[in-house]
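**Q** Here it is, the structure, as structure tokens.
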Amino acid sequence: MSRRRVVITGMGTVNPLGHDVASTWAGVLGSKSGISVNELFDASTFPSTFAAQVKDFELADHIDNPSEHRHAGRHCGFALGAAREAWEQSGLDRCDWLDRRRLGIYLGSGEGSLDFDNFTSLMIDAWENGRVNTGRWAELALKRMDLHREVEQESNMVVAHLARQYGVRGPAFNVLTACAASTQAMGESTWQIRRGDADVMISGGAHSMIHPYGVTGFNRLTAISVRNDQVETASRPFDMTRDGFVLGEGASVLILEEFEHAKSRGAPIFAEILGYGASADAFRITDQDPQGDGAAAAMRGALADAGVAAHQIHYISAHGTGTRQNDEVETKAVKAVFGEYAYKIPISSTKSMLGHLIAAAGATELITCILALRDQILPPTTNYNTPDPNCDLDYVPNEPRKASLEVVMSNSFGFGGQNNSLIITKPPQ
């Protein structure tokens, strides 16, 4: 029995470079920075005072029924906006015979922004004799906390909102494997379609961690940049002067569809998913395997699943966070998989412009891969000025580059040691 083929028929995104695919791609090709001083809370006393924020986003500009999602978290609003673009682009809004029992959803989404001001005031008001009086705290919380808002911070709520919006009656999943989440969701959505559990999957990811707890946590881990005097150029993947990633937020949603199903309704087809690989490092919780064995295993798994040889990959969208360790490990892993051919493969990281969208990163980067295939052009790694001898591959520095592309790979490696790689190719003829 032949394997069911999986294609991509719709794309949508809300991120620091734009509220749709076209403006995002224009920003990437223009080497634009989406990074600025943090406006979501007063971070002036934090080690990192900046972030890659989504600005001027109004849900009412993107969907017709915003009041039905009035309790949704910030990340969920982004996902609703991105999903609307993907859904309409795919033409599913005009498909009157779609079997919604064969329509599924699989997202990689994280928690939303918490109500820190209210939470902090509750803690202060319940403070007695050097500790929190939990009974008093519970009494106050029941009176003053918005229970709808608290529930909406759960990571699976994005799936619930999108399922309601599009009448999803098939399989519904959410995964939160940190920075690898949306790539994992798309890979496992591919499996759902291949084995016949669904014909169409809404997939991708959403996250918003630009809040005091998120920034404090990453600052304590020394994982995010503290280049407060050079905010727009703070994200420097693979550059010798890199000092950490830039925390971002956003959502990207793609429509994955069985090929014959897409053809039967005349859907636009933007790319075909050929392979997916996944692995775990089984190493330290906050560090990658320094030899890159886990990352290499994910890439090898994707190659095997796709049935393509290493030399058939024409471009790699790197995880490329801009941390000292990640970029060295990813470089080492690429060399382990591709050997001498690694020096001939262009590799770039759009996190240099978008920041790190955490659970939404992989889906957003896959969209740039699809557009790279379409336009035959490589996204650049901006802010790359000082080569690192430990990162000695072709990182497409600073400017986009024309190229001949047929098959490309996208990597996502998450905190905790989750590794995922996807391989896509141009639309089937």
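The values are calculated or read from the model by the stated rules, or taken from the named source; none is laboratory data. None of these values were measured; they are calculated from a predicted model. Cβ: placed from backbone, ideal geometry, glycine included. Neighbour counts: every protein chain shown.
**Q** Given the criteria in contact (Cβ under 8 Å) with a residue 24 or more places away in the chain, surrounded by fewer than 24 Cβ atoms within 10 Å (Cβ to Cβ) and in the same structural domain as Asn38 (by TED's automatic domain parsing), does Phe270 qualify? So that I can check it myself, show each step before the final result.
**A** Working: in contact (Cβ under 8 Å) with a residue 24 or more places away in the chain: yes; surrounded by fewer than 24 Cβ atoms within 10 Å (Cβ to Cβ): yes; in the same structural domain as Asn38 (by TED's automatic domain parsing): yes.
So Phe270 fits the description; yes.
**Q** For the stretch 368-391, which positions are within 23 Å of the chain's Cα centre (by Cα) and of a type in the set (Val, Ile, Thr)?
**A** The answer is Thr368, Ile370, Ile377, Thr381, Thr382.
**Q** I've got another one for you. Quick one: would you say Ile316 is at negative phi, assigned by TED's automatic domain parsing to the domain that holds Gln53 and in a strand (DSSP E or B)?
**A** Numbers: at negative phi: yes; assigned by TED's automatic domain parsing to the domain that holds Gln53: yes; in a strand (DSSP E or B): yes.
Taking the combined requirement at face value, the residue satisfies it.
**Q** Testing Thr323 on (1) hydroxyl-bearing (Ser, Thr, Tyr); (2) out of contact with any Gly (no Cβ under 9 Å at 6 or more places or on another chain); (3) in contact (Cβ under 8 Å) with a residue 24 or more places away in the chain, one condition comes back false. Which one is that?
**A** For Thr323, the failing item is (2).
**Q** Is it the case, given these coordinates, that Ala333 is surrounded by 24 or more Cβ atoms within 10 Å (Cβ to Cβ), within 20 Å of the chain's Cα centre (by Cα) and in the same structural domain as Thr364 (by TED's automatic domain parsing)?
**A** no
**Q** Any chance the stretch 3-17 includes a residue that's surrounded by fewer than 18 Cβ atoms within 10 Å (Cβ to Cβ) and either without any contact (Cβ under 8 Å) to a residue 40 or more places away in the chain or under 16 Å from the mean Cα position of the chain (by Cα) (or both)?
**A** No: the stretch 3-17 contains no residue that is surrounded by fewer than 18 Cβ atoms within 10 Å (Cβ to Cβ) and either without any contact (Cβ under 8 Å) to a residue 40 or more places away in the chain or under 16 Å from the mean Cα position of the chain (by Cα) (or both).
**Q** Any residue in the stretch 20-40 that's under 18 Å from Lys351 (Cβ atoms) and polar (S, T, N, Q): show its pairings with residues that are surrounded by 22 or more Cβ atoms within 10 Å (Cβ to Cβ) and at pLDDT below 95 at Cβ separation under 8 Å, as long as the two are six or more apart or on different chains.
**A** The qualifying pairs are Asn38/Ile210; Asn38/Val215.
**Q** Within the stretch 273-301, work out how many residues are hydroxyl-bearing (Ser, Thr, Tyr) and modelled with pLDDT under 95.
**A** Result for the stretch 273-301: 1.
**Q** Tell me the residue from Gly244, Gly275 that is at positive phi and within 21 Å of the chain's Cα centre (by Cα), please.
**A** Answer to the selection: Gly244.
**Q** Which residue pairs have Cβ atoms under 8 Å apart, sit 6 or more places apart or on different chains, and have a first residue in the stretch 163-178 that is closer than 17 Å to Val200 by Cβ and among the basic types (Lys, Arg) and a second that is modelled with pLDDT of 95 or more and surrounded by fewer than 17 Cβ atoms within 10 Å (Cβ to Cβ)?
**A** Arg169/Arg100; Arg169/Arg101
**Q** Report yes if Gly196 is of a type outside the set (Asp, Glu), part of a strand (DSSP E or B), at pLDDT 95 or above and in the same structural domain as Phe50 (by TED's automatic domain parsing), otherwise no. Before you say what the answer is, go through the steps one by one.
**A** Numbers: of a type outside the set (Asp, Glu): yes; part of a strand (DSSP E or B): no; at pLDDT 95 or above: yes; in the same structural domain as Phe50 (by TED's automatic domain parsing): yes.
The answer is no for Gly196.
**Q** Restricting to the stretch 392-422, what's the tally of residues that are assigned to a strand (DSSP E or B), crowded, with 24+ Cβ neighbours inside 10 Å and over 16 Å from the mean Cα position of the chain (by Cα)?
**A** 1
**Q** A follow-up question, please. Which fully enclosed helices (runs of 4 or more DSSP H) of the stretch 321-386 have 2 or more residues being farther than 25 Å from Ser225 by Cα?
**A** 324-338, 361-375
**Q** Of all residues in the stretch 259-280, which are of a type in the set (D, E, K, R) and either under 30 Å from Gly417 (Cα atoms) or part of a strand (DSSP E or B) (or both)? Can you show your working first?
**A** Our first condition is that a residue be of a type in the set (D, E, K, R); within the stretch 259-280, this holds for 260, 263, 265, 272.
Of everything in the stretch 259-280, just one residue is of a type in the set (D, E, K, R) and either under 30 Å from Gly417 (Cα atoms) or part of a strand (DSSP E or B) (or both), namely Glu272.
**Q** For the stretch 147-189, what are the residues that are hydroxyl-bearing (Ser, Thr, Tyr) and either in contact with a Gly (Cβ under 6 Å, 6 or more places away or on another chain) or buried (at least 24 other Cβ atoms within 10 Å of the Cβ) (or both)?
**A** Ser155, Thr177, Ser182, Thr183, Ser189
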